[in-house]
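**Student:** Pasting a structure below so you can have a look.
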Amino acid sequence: MLCYQKIADKFYFSCLCFAIIIAIAAPISTAVTSVGCILMITTWLLSGKALLSLKIAYQQATGKIILIFFAWLIIGTIYAETSWHDKFDTLLSWKKLIYTFILLGLFYTEKWKNYFINSYIIFMGIASILGLILWLMNLVVREGAGHDAGIFMTNYATQSTAFIAALLGCIFLFHQTASRLKRYFLALAICLFIFNIFFISGARTAYLALPIAIIFAIGSLHSYKKLPIITVASICLLGLIASSHTLQQRVDEGIKEFKSYDTSPYISSIGVRVIFAKNTLEIIKQKPILGFGTSSFESVYGQYVAAHYQGWRALTTTDPHNIYLYVCLENGIIGLIIFLSYIFIALQQGLQQAFYGKIAASFLMAITVASLFNSYFKTFPEGHLLAFFIGILLANNKKASTEKIPYA
């Protein structure tokens, strides 16, 4: 029995390590992330703590709302007029929420949360230096759209998102630590992340999401009592943003694309998003309460645009680049309310925690804003990164104070 317990503890330790590796790998490699998820689930099942961790996850408000939302997704497959293959694929695209649920029952000790956030920041700090070097040398290391000089992760938007998560972690660690040397390195890392996001990457969603997330983070640290300081910091950040040539260029392009979306003969990033949003809103009006069912978006949207448009405006899509419109079309207002409840409850649970939960809440706020223009909750790199951040840093077990977690 003792021998079995030691083996089970090894599997449990491995499961926690795989979870940390997945979070770090998610913005960089889909292959490593996919293999890591398989290994994490396997070692979790072999650890002998699967049922206990599920029970702990269910005791948390975030865990309960995840199950409710997933149950509504399953109900949505019943009335969706699509093949069961499509229904299953769509449910799988939401599996990141299941990972979050599992992790809520695993990472409830501060030591493992600390391992995770420090490992992530160190790795992303090295990544930011690499990005800066590639940018200075004008080297393109990955071919394809979204891979200019300095971009080596899945794409420029994913790289910005990964650095936003690390930057927010640095802000909280800077506030917590009393070590002058550690504060120096954290301040340096913050500068590197900001430079990468605003001067190297061209992700316009990050330009909006990061300032809001930083204000949210500082406010959660000081309970908004230091509003003047927060305001000054915000003005300084906006000044820095305004000085970025990359940002100015991308914003100017966005404004031109928005103004010409209805007349331009050429497809554009902003123009196509506006068309997606307008069409999706019109379709939602047809079945606002229940929606068209889980997995229905592509077929319903394709039929609508084929009947109303020609040229690039008639292009079909699987995603309107707005997670809230996507959920509302497929799962109706009821589904959207449940989904927004998940976000609200997760934010609330994070803010109620002393430290690590606030990091998760701040990053969730960034993704919530960015998802007005992208479906980051469902996309592979950002979706996995968010799922593991939320699951690891929000995990809570009030009965765990006397419980020991194995480390080897």
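**Student:** Please go through region 48-59 and pick out each residue that is surrounded by 20 or more Cβ atoms within 10 Å (Cβ to Cβ), of a type outside the set (Val, Ile, Thr) and more than 25 Å from Thr294 (Cβ to Cβ).
**Tutor:** Lys49, Ser53
**Student:** Just a yes or no: is a residue in region 124-138 under 20 Å from Gly36 (Cβ atoms), at pLDDT 90 or above and in contact with a Leu (Cβ under 7 Å, 6 or more places away or on another chain)?
**Tutor:** no
**Student:** Restricting to region 148-166, and then to whatever is of a type in the set (A, V, I, L, M) and assigned to a loop (DSSP other than H, G, I, E, B), can you tell me which residue is nearest to Phe388 (Cα to Cα)?
**Tutor:** The residue in question is Met153.
**Student:** What pairs can you find where one residue is in region 120-134 and in contact (Cβ under 8 Å) with a residue 24 or more places away in the chain and in a helix (DSSP H, G or I), the other is polar (S, T, N, Q) and crowded, with 22+ Cβ neighbours inside 10 Å, and their Cβ atoms are less than 9 Å apart, with a gap of 6+ or different chains?
**Tutor:** From region 120-134, the pairs are Ala127/Gln159; Ala127/Asn196; Ser128/Asn196; Gly131/Gln159; Gly131/Asn196; Gly131/Ser201; Leu132/Asn196.
**Student:** If you check every pair at least six apart or on different chains, which have Cβ atoms under 9 Å apart with a residue in region 303-327 that is surrounded by 14 or more Cβ atoms within 10 Å (Cβ to Cβ) first and a residue that is basic (Lys, Arg) second?
**Tutor:** Val305/Arg313; Asp319/Lys378; Pro320/Arg273; His321/Arg273; Asn322/Arg273; Ile323/Lys378; Tyr326/Lys378
**Student:** If you check Gln310, Gln286, Gln353, which single one turns out to be under 24 Å from Cys170 (Cα atoms) and of a type in the set (S, T, N, Q)?
**Tutor:** Unique residue meeting the criteria: Gln353.
**Student:** Determine which single condition Leu73 fails, assuming it passes every other condition in (1) at pLDDT below 95; (2) more than 17 Å from the chain's Cα centre (by Cα); (3) assigned to a helix (DSSP H, G or I).
**Tutor:** The number of the failed condition is (1).
**Student:** Moving to a separate point now. Those residues that are in a loop (DSSP other than H, G, I, E, B), of a type in the set (S, T, N, Q) and modelled with pLDDT of 90 or more, I need them from region 274-332; list them, please.
**Tutor:** Gln286, Thr294, Ser295, Ser296, Asn322
**Student:** Continuing with this model, one more query. Filter region 66-101 down to the residues that are in contact with a Gly (Cβ under 7 Å, 6 or more places away or on another chain) and closer than 30 Å to Phe193 by Cα, then identify the one that is surrounded by the fewest Cβ atoms within 10 Å (Cβ to Cβ).
**Tutor:** Tyr99
**Student:** Could you please tell me which pairs satisfy a Cβ distance under 8 Å, a separation of 6+ or placement on different chains, a first residue in region 5-24 that is on the phi < 0 side of the Ramachandran plot, and a second residue that is surrounded by fewer than 17 Cβ atoms within 10 Å (Cβ to Cβ) and hydroxyl-bearing (Ser, Thr, Tyr)?
**Tutor:** Close Cβ pairs satisfying both conditions: Phe13/Tyr407; Ile20/Ser119; Ile24/Ser119.
**Student:** Would you please name the residue that is surrounded by the fewest Cβ atoms within 10 Å (Cβ to Cβ), looking only at residues in region 25-47 that are touching a Leu at 6+ places or on another chain (Cβ under 8 Å) and under 16 Å from Glu382 (Cα atoms)?
**Tutor:** The selected residue is Pro27.
**Student:** Output the residue which, of all residues in region 167-187 that are part of a loop (DSSP other than H, G, I, E, B) and either surrounded by 19 or more Cβ atoms within 10 Å (Cβ to Cβ) or of a type in the set (Gly, Ala, Ser) (or both), is modelled with the highest pLDDT.
**Tutor:** Here the answer is Ser179.
**Student:** Would it be correct to say that Lys111 is surrounded by 20 or more Cβ atoms within 10 Å (Cβ to Cβ) and part of a helix (DSSP H, G or I)?
**Tutor:** no
**Student:** Test Ile164 against the criterion of being closer than 17 Å to Tyr376 by Cβ and either surrounded by fewer than 16 Cβ atoms within 10 Å (Cβ to Cβ) or under 19 Å from the mean Cα position of the chain (by Cα) (or both), and give yes or no.
**Tutor:** Here the answer is yes, as Ile164 does meet what is asked.
The values are calculated or read from the model by the stated rules, or taken from the named source; none is laboratory data. A quick note: this is a predicted structure, and the numbers were derived from the prediction, not measured. Every residue, glycine as well, gets a Cβ built from its backbone with ideal geometry; the counts of neighbours run over all protein chains shown.
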